[in-house]
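Undergrad: Below is the structure I would like to discuss, written out as structure tokens.
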């Protein structure tokens, strides 16, 4: 832990460079142990950046179990910090966001930062951080707090992508398989495994009040562009337009699905005849049979479920 306490934080503007108080919530298990292995490197970069910025203090706290990042983020807010940063993957970021936004969407003086040390790091790519550790650290000290949308699924907030159907089944298969494979490799292996039992469900969607009934394999509700380590399920999604991009894959044979699947890595699946792309701020999904629900990489509950977009709810630190 290190700190620089030359001045008090500017509580009116979390994006002000001088006087930031930063808490970094590190998941040591993220990215197959990257969080643990690269902590010393991260601390060196933080020390150098804080010295250059002046008037900035920072500290790292580690999670021990699932859900800890949410609790630690809430405590950081109570302690009066100006920046809370997730150090890990998209799952760690999701937990931090749920600690910052709380039960009700409201403006906050606390900005959210991200140090991408996960396996997929999809949201980091979406906001221009990539996987460069130094660039991410510099952004904590000098980046601008950009207002971004946050999705709500039941009682859970999400930043990246939610949905139900085949992708939720795949995520569940990955999570139950443990950590032998991670990232894109794990996703492709799970896709091939789940294809054996691939069956469409009868979906009833209500999109901003408009009802749609269809037989489908998957319904992804995207705030951002990609998941699974670079699969561009919603290549045109914007994180600040107040809308979800919905990717609906209608009933298809196993062979059709398998042949079309590689297109998702370039985002060209959107022109496939079995794919429909839609936009809405509120999406209610009912299904027969009930389907597992995917929220930022974790399976939480089943349909029916309502997804709502809360525009400009979070200040996200981005480069430049």
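Undergrad: Can you give me the P(r) profile for the chain? Cα pairs, bins 10 angstrom wide beginning at 0, each as a whole percent.
TA: Histogramming the chain at 10 Å steps yields 6, 28, 34, 21, 9, 2, 0 percent.
Undergrad: Multiply the residue separation of residue 288 and residue 311 by 0.36 nm, subtract the distance between their alpha-carbon atoms, and state the gained length in nm to one decimal.
TA: 5.2 nm
Undergrad: Report the dimensions of the range 269-311 along its three principal axes from the alpha-carbon atoms, largest first, rounded to Å.
TA: 31, 30, 20
Undergrad: Moving to a separate point now. Determine the percent antiparallel among the DSSP beta bridges restricted to the chain, to the nearest 5.
TA: Approximately 75 percent, going by the DSSP bridge assignments.
Undergrad: Order 310-317, 87-94, 228-235 from most to least packed using the mean count of other Cβ atoms within 10 Å.
TA: 87-94, 228-235, 310-317
Undergrad: Just grab the label-to-label distance for residue 36 and residue 240, each label 7 Å out from Cα along the Cβ direction, in nm (one decimal).
TA: 3.8
Undergrad: While we're on this one: Which percent of Cα pairs goes in each bin when the distances of the range 21-142 are cut into 10 angstrom slices starting at zero?
TA: 14, 49, 33, 3
Undergrad: What's the angle, to the nearest 10 degrees (0 to 90), between helix 39-53's Cα axis and the longest principal axis of the chain?
TA: That works out to roughly 60 degrees.
Undergrad: At a temperature of 37 °C and a viscosity of 0.692 mPa s, determine how fast the range 158-311 diffuses translationally according to Stokes-Einstein, using the Kirkwood radius over alpha-carbon pairs as Rh; express D in µm²/s, rounded to the nearest whole number.
TA: My calculation gives 215 µm²/s for D.
Undergrad: Only counting other Cβ atoms within 10 Å, I'd like 296, 138 sorted with the fewest neighbours first.
TA: 138, 296
Undergrad: May I ask for the angle, rounded to the nearest 10°, between helix 68-78 and the longest principal axis of the chain, with both axes built from Cα atoms and the value confined to 0 to 90°?
TA: Value to nearest ten degrees: 50.
Undergrad: Only residues of the range 254-297 count here: report those whose backbone N is under 18 Å from the spot 7 Å along Cα→Cβ of residue 202, or say none.
TA: Hits in the range 254-297 for residue 202 at 18 Å: 285-292.
Undergrad: Any idea what angle helix 90-101 forms with the longest principal axis of the chain, computed on alpha-carbon atoms, 0 to 90 degrees, nearest 10?
TA: In the chain, helix 90-101 runs at an angle near 70 degrees to the longest axis.
Undergrad: Which value in nm describes the separation of the simple spin-label points at residue 215 and residue 65, placed 7 Å from the Cα toward the beta carbon?
TA: With each label placed 7 Å out from Cα toward Cβ, I get 4.5 nm.
FYI, it's all coordinate maths here, none of it is from the lab. These numbers were taken from a predicted model, which means no experiment stands behind them. Using ideal geometry, Cβ is built from the backbone for each residue, glycine included, and neighbour counts are taken over all protein chains shown.
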